[in-house]
Amino acid sequence: MASIFQGIGAATAISSSTSFDSKKLIFSAPRFHLEKKGSFLVVRSDGKMSNGISGRAEKLVTNAVAAKADAPAASTTSKSGHELLLFEALREGLEEEMDRDPRVCVMGEDVGHYGGSYKVTKGLAPKFGDLRVLDTPIAENSFTGMGIGAAMTGLRPVIEGMNMGFLLLAFNQISNNCGMLHYTSGGQFTIPVVIRGPGGVGRQLGAEHSQRLESYFQSIPGIQMVACSTPYNAKGLMKAAIRSENPVILFEHVLLYNLKEKIPDEEYICNLEEAEMVRPGEHVTILTYSRMRYHVMQAAKTLVNKGYDPEVIDIRSLKPFDLHTIGNSVKKTHRVLIVEECMRTGGIGASLTAAINENFQDYLDAPIVCLSSQDVPTPYAGTLEEYTIVQPAQIVTAVEQLCQ
Amino acid sequence: MAVCLKTSRTALHYVRTRPGPAFTHLLNRTFFSCSSHHCNPRIISTNEYRVHSSFLGLGSRASQHSKALKVEDHDHSENEEWDFPGGKVPFTTKIKFTDDSSKDRIPCYRILDNCGQQIRSSTSEMISKELAVKLYSSMVTLQMLDTIFNEAQRQGRISFYLTSNGEEAINIASAAALSNDDVILPQYREHGVLLWRGFSLQEFANQLFGNRSDYGKGRQMPIHYGSNKLNYITVSSPLATQIPQAVGVAYSLKMEKRDACAVTYFGDGSSSEGDFHAGLNLAAVLEAPVIFFCRNNGWAISTPVTDQFRSDGIAAKGQAYGIPSIRVDGNDVLAVYDAVREAREMAIKEQRPVLIEALTYRVGHHSTSDDSTKYRAIEEIEQWKTARNPISRYRNWVESNGWWNEEQESELRGSIRKQLMNAIQVAEQIEKPLLADLFTDVYHEMPSNLQEQERSLTETMKKHPQDFPSGFAV
């Protein structure tokens, strides 16, 4: 993992002035004249500092998620800090990156003066202008393609899908061009886009608006996928995704936008390839991401009362998997439970099961259990919808069976 | 929203005056985030809807659009117009559907007649002798390059090729009218543009052979050229995907206020793809400086244009998106040059997209995987190859000016042929890319899973060298 970590570390601060040398902007390598100015923090979820960046980071805020208490991840030890909701954290991260780098721009439907359908881009259009925060017509393949073209000529677009499901219309551009053009051009053109939007099962949004697109996208070579779950990692992942030279797909969840948390005032980014240790434990490794993290933590409360000690990891990085963190956990507990929102067939859980079986077969005392949604379109009726999502009670039962 | 627009004009006075999002979405897609104030009608004056200048600066578009209705609307005697969203429209009491297409086709701009004589009434400026000769010799080079590389494929030396036979004028003349800062997003039949910009015959050959000197590192099929130093974005096989990308490039140029535009090429078949429509629409709304250049060569593999669309070609579609369009004789070098030059100026000075449809004919097969005599008449192909050939037509004009002769012709052809044969031989000898190039550039830096896969493959190759191509360097 060290090589990618260094890659991110290399994206050092750019001069904050808004003017830039336009002659160098297009087709010159390095793509932009970087100056090493300012400092930024990279926080590893287990509090350790990677060797790759030890020379560059000047401050480190340790991530105090190692608390045994079952509260949702506390993410900072600093006494100051400010509280905000997850969508505000995304906006803060986006705004900071737009301030820092004049090449960052946003495009999508209703992102401009409407502020985005989940208000992630609220206030950005009046501040940065109509061109940098661009309202597009309803044509996902088109504005995704546009983002790719803009990225190849030096901009760093953040493409918003109003709902992740709509990005299926942009699949051709994402797969054939976004993921591939860096490779097929022999490295001549880079595509540093961020594609983001809300996905997952919400409250009675109907089947077409409840898609888990990470299943479909995970095979595309050349892209990275991350899923945020707390205001802390939402902001950190947003910033890291924008700074990454690779195309990154950032999965947000419709039901998590109003989560509140206190995050540091200092600047920080999260590592795109790293998993987050939510709750260390000894008996079983529970791997999850996005909204299911909260169902898992709820189940963990019950499990603790019953005398179990589950280790909960939010995998965060869906492509590639952080097999380092996951592996260490498997070696410790020897039992794995995966809890996901994807469908049983071909989801992230399916791939993760395969990856763990391949790499850590010797350390497993029991077959991996994967709890996923059924292979059905998500129904509208509230009760039916609830049955398609893994509930805390099922998680408790699964752990009990696994630990027998 | 219980407002009956038919019965009461007074209902139109119900207006939200707070500044906010610009215009009503009649089909509210954001139902899941609908809060109470979104469901109230917000009716605005649409006189300001067509203001273009909003995009050029940091001004707020919202304030220009959300103005209250004027009081004149009370005037009941004026029934001719109404402020629907999108602008005023005149009414009519006659029920009449528009024709499916205009009775008169959009005329085709040309400067040279069938024999290459300049038509007296044409209004173009003369080009210089130097440029005229360079245009001609480039077209000859392109034609020879296509012929010889095509032959190389037939001999089994390369796996695939496709020619631009019959479209030399489009390739060379359009390239000549652009500046080197203009970014090209090709389909796949525009290697003449790359040739004009300075891609050498050796560089072409290297890509075709996929050797270690190929800029694409052997990762793409032949013909999929790309060169960032020449501002030519790597060819991607799926049709029309480059069209919205061109809008993105134009958007980037617009942000930087550069004296350059994006130019994207595509064929008649590609105009049926969704990306074409979405891209043109987006460019018009964005006011992006992009030239959409359609090579209407009559055939999409075996599909003739009559099976591709029923509109008056592609030029007629421009107006539907609000884009100025022109139809030009694609086999007329001077006309193509003139049209592209004008289009470029329009695109950059006025910051808007332009559509050019160049009519021509695909003389060659679609590619080396195709035999077009199976679906079209040989006589038709022959006619376009000989009587209507753009190169010989233009040659007549150049020679009539005293700028070219037979001696120069044979000298040029002999020299090019030699260079091409040499380039092929050299390219064939250069080694193929290293195994490591299978895994690099997938990401900016190679991640651990790919490192692992590379290790695994290398080990397998070392254990079983006889199962892998010989001479394959690890």
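The values are calculated or read from the model by the stated rules, or taken from the named source; none is laboratory data. Values in this document were obtained by computation on a predicted structure and should not be read as measured data. Positions of Cβ are generated from backbone atoms using ideal geometry, with glycine treated the same way; all protein chains shown enter the neighbour counts. Accessible surface areas use protein heavy atoms only, side chains included; no ligands, DNA or RNA. Shrake-Rupley method; radii C 1.70, N 1.55, O 1.52, S 1.80 Å.
If each residue of separation counts as 0.36 nm, what is the full-extension length gain between B:E380 and B:E399 once their alpha-carbon separation is subtracted?
The span from B:E380 to B:E399 would gain 4.1 nm if fully extended.
Quick check on my link table: of B:K134/B:K418; A:K239/A:K319; B:K317/B:K385; A:K319/B:K254; B:K103/B:K385, which ones sit more than 24 Å apart, alpha carbon to alpha carbon?
Over 24 Å apart, Cα to Cα: B:K317/B:K385; A:K319/B:K254; B:K103/B:K385.
Among the aspartates and glutamates, which have Cα under 12 Å from the Cα of B:K229 when same-chain residues fewer than 8 positions away are ignored?
Output for B:K229: B:D181, B:D182.
Determine the share of the range A:83-227's accessible area contributed by carbon and sulfur atoms, expressed in whole percent, with a 1.4 angstrom probe.
52 percent
Could you list which residues have their amide H under 5 Å from that of B:R327, counting only those 5 or more apart in sequence or on another chain, with H placed in the peptide plane?
Residues meeting the criterion, in which the H sits 1.01 Å from N, are B:Y109, B:E357.
Tell me, what is the FRET efficiency for B:M461 and B:T98 to the nearest 0.05, using R0 = 41 angstrom and their Cβ-Cβ distance as r?
With a Förster radius of 41 Å, E is 0.05.
With θ set to phi - 60°, apply the Karplus curve 6.51 cos²θ - 1.76 cosθ + 1.60 along the range A:221-233 and write out the HN-Hα couplings as whole Hz, x wherever there is a Gly or Pro.
x, x, 10, 10, 10, 9, 10, 9, 9, 10, x, 4, 6
Per residue of the range B:167-179, in order, report the coupling 6.51 cos²θ - 1.76 cosθ + 1.60 (Karplus, θ = phi - 60°) as ³J(HN,Hα) in whole Hz, putting x for Gly and Pro.
Along the range B:167-179, the couplings run 10, 5, 5, 4, 4, 6, 5, 5, 4, 5, 7, 9, 9 Hz.
Across 5 Å bins from the origin, how do the percents of Cα pairs in the range B:109-199 run, short distances first?
2, 12, 19, 21, 18, 13, 8, 4, 2, 1
Over the range B:233-374, what percent of the accessible surface lies on carbon and sulfur atoms, probe 1.4 Å?
49 percent
Accessible area per residue for the range B:202-336 in Å², computed with a 1.4 Å probe and the full protein assembly in place, what is it?
On a per-residue basis, 26 Å².
So who's got an amide H within less than 5 Å of the one on B:C261, skipping anything under 5 residues away but keeping other chains? H placed 1.01 Å off N, in plane.
B:D182, B:V183
Pop out a list of residues from the range B:440-468 that are at least 30 Å² less accessible with all the protein chains around than in their chain alone; 1.4 Å probe, no ligands or nucleic acids counted.
SASA drop of 30 Å² or more in the range B:440-468: B:D441, B:V442, B:Y443, B:H444, B:E445, B:P447, B:S448.
Using protein chains only and a probe of 1.4 angstrom, how many square angstrom of A:L364 are accessible, to the nearest 10?
30 Å²
Sketch the reach of a paramagnetic label on B:E342 as a point 7 Å from Cα along Cα-to-Cβ, and name the residues of the range B:298-329 whose backbone nitrogen lies under 20 Å away.
B:313-329
Only bridges with both residues in the range B:108-429 count here: give the DSSP antiparallel percent, nearest 5.
For the range B:108-429, the DSSP antiparallel bridge percentage is about 15.
B:Q429 to B:S311: extension gain in nm, 0.36 nm per residue of separation minus the Cα-Cα distance?
37.5 nm
Can you give me the long-range amide H partners of B:T241? Hydrogens built in the peptide plane at 1.01 Å from N, cutoff under 5 Å, separation of 5 or more residues or another chain.
So B:T241 has HN proximity to no qualifying residue.
Testing the spin-label approximation: label points 7 Å from Cα along Cα→Cβ at B:S302 and B:R157. State their distance in nm.
3.1 nm
If you count only protein heavy atoms with a 1.4 Å probe, what accessible area per residue comes out for the range A:140-244, rounded to a whole Å²?
Roughly 16 Å² per residue, with all protein chains present.
Determine the total buried accessible area between chain B and chain A, counting protein heavy atoms only with a 1.4 Å probe; round to the nearest 100 Å².
5500 Å²
Report the accessible area of B:C115, computed with a 1.4 Å probe over the heavy atoms of all protein chains in place, in Å² rounded to the nearest 10.
Near enough 80 Å² of accessible area.
Straight-line reach from A:K332: which aspartates and glutamates fall under 13 Å, measuring Cα to Cα and dropping same-chain residues less than 8 apart?
Here the aspartates and glutamates satisfying the reach criterion relative to A:K332 are A:E282, A:D309, A:E311, A:D362, A:D365.
Rounded to a whole number, what is D in µm²/s for the range B:108-429 from Stokes-Einstein with the Kirkwood radius over alpha-carbon pairs (20 °C, 1.002 mPa s)?
For the chosen part, D equals 108 µm²/s.
So what J values fall out for the range B:203-211 if you push phi through Karplus, 6.51 cos²θ - 1.76 cosθ + 1.60 with θ = phi - 60°, rounded to Hz, Gly and Pro as x?
For the range B:203-211, the Karplus curve yields 5, 4, 4, 4, 5, 5, 8, x, 8 Hz.
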